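Values quoted throughout were computed directly from the atomic coordinates according to the rules given, and no laboratory measurement underlies them. Keep in mind the model is a prediction, meaning the values are calculated, not measured. In this analysis, Cβ positions are derived from the backbone assuming ideal geometry, glycine residues included, and neighbour counts consider all displayed protein chains.
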Amino acid sequence: MKPFVKWAGGKRQLVAILQEELPERFDTYYEPFLGGGALFFSQLPQKAAISDINSHLINAYTIIRDELPCLLQALSRHQNTPDYFYAIRAQDPTTLSKVEQASRFIFLNRTCFNGLYRENKKGKFNTPFGKYKNPNILDATNLTAIHGYLNEKSISISCHDYKKVRSTAQKGDFVYLDPPYVPLTPTANFSSYTKQGFTLQDQEDLAALFKELSHKGVKAMLSNSNTEIVRELYRGFDIKTVSAKRAINCKGGSRGEEPNEVIVRNY
Ligand SMILES: C[S@@+](CC[C@H](N)C(=O)[O-])C[C@H]1O[C@@H](n2cnc3c(N)ncnc32)[C@H](O)[C@@H]1O
């Protein structure tokens, strides 16, 4: 099983390193900045609570779990041409059924430029056509495996803010936090945080939550950029510096760069 979407900030390049840093034992696995869920799919925990604030993304996970045959049918109807792509992109998702929304979301993700999910100020998906020769729009094998797993195990899927984990995660649980990163580039200013929808204040709130989880006995691991702000926010915790090559890099710096990242743990 692997992520069914390409996702900005996806952790596929870093999974092997993250796996080594996981705690040996934990009860429920929490991933409140789920995105493509690279670590989640590499672990396939028995009990998990996965969530993200992006409702289109979470709808796709839910439909894969609950309505796979209809989704596969809808995906099989898509075409990889610019005209078709722009027609689908122009649709207002709120006029579509939940299955059609998931199908549209996966289609756009597979065929758009770089697989980069991006919305304009009005919340409209605005990435251009990707011109891929053979995009894997209908990956029935992977989607079927994910469907089986999500139904067999005890996995809750929700769309909400990461802060909910403060009240839900209990002693002995494990939380993996992979927020939008603090920008790495020296030219990046604070407005860049806002553009990504995650402000410096959000980074500070997240660090406060990390501390609260620690006091509660919840094991927590966080990824972020190797910046002074981050090292300062998590001072006193175990901080490892790692390097990951990315196919998609929306976290400051340009595509193909090797950004320095940190893995912070409270155990
Ligand atoms: C760096 S990405 C996670 C990438 C993921 N680990 C992967 O492997 O694909 C950050 C995610 O956080 C989500 N996000 C941003 N702000 C959030 C918030 N306040 N609460 C919950 N999720 C949020 C975004 O929608 C995005 O999917």
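Of note:
- Binned Cα-Cα distance frequencies in the chain - 10 Å width, integer %: 7, 29, 36, 22, 6, 0
- By DSSP, the beta bridges lying fully in the chain are antiparallel in about 45 percent of cases.
- A crude spin-label estimate for the pair THR241 and ASP66, with each label 7 Å from Cα along the Cβ direction, gives 4.7 nm.
- GNM result for the chain, Cα springs below 10 Å: residue of ILE17, ILE146, ILE58 fluctuating most strongly: ILE17
- Most mobile of LEU116, LEU200, LEU34 in a GNM of the chain (Cα contacts under 10 Å): LEU200
- Hydrodynamic radius by Kirkwood, which averages 1/r over all alpha carbon pairs of the range 1-122, in angstrom: 15.8 Å
- Sorted from greatest to least, the principal axis extents spanned by the alpha carbons of the range 63-141 come out as 31, 29, 19 Å.
- Between ALA49, ALA16, ALA207, the residue with the greatest mean-square fluctuation in the GNM of the chain (Cα pairs under 10 Å linked by springs) is ALA16.
- When each of the peptides 129-140, 169-180 is scored by the mean number of other C-beta atoms lying within 10 Å of its residues, the order from highest to lowest reads 169-180, 129-140.
- Using θ = phi - 60° in the Karplus curve 6.51 cos²θ - 1.76 cosθ + 1.60, the 3J(HN,Hα) couplings for the range 160-166 round to 7, 5, 4, 5, 4, 4, 4 Hz; x is entered for Gly and Pro.
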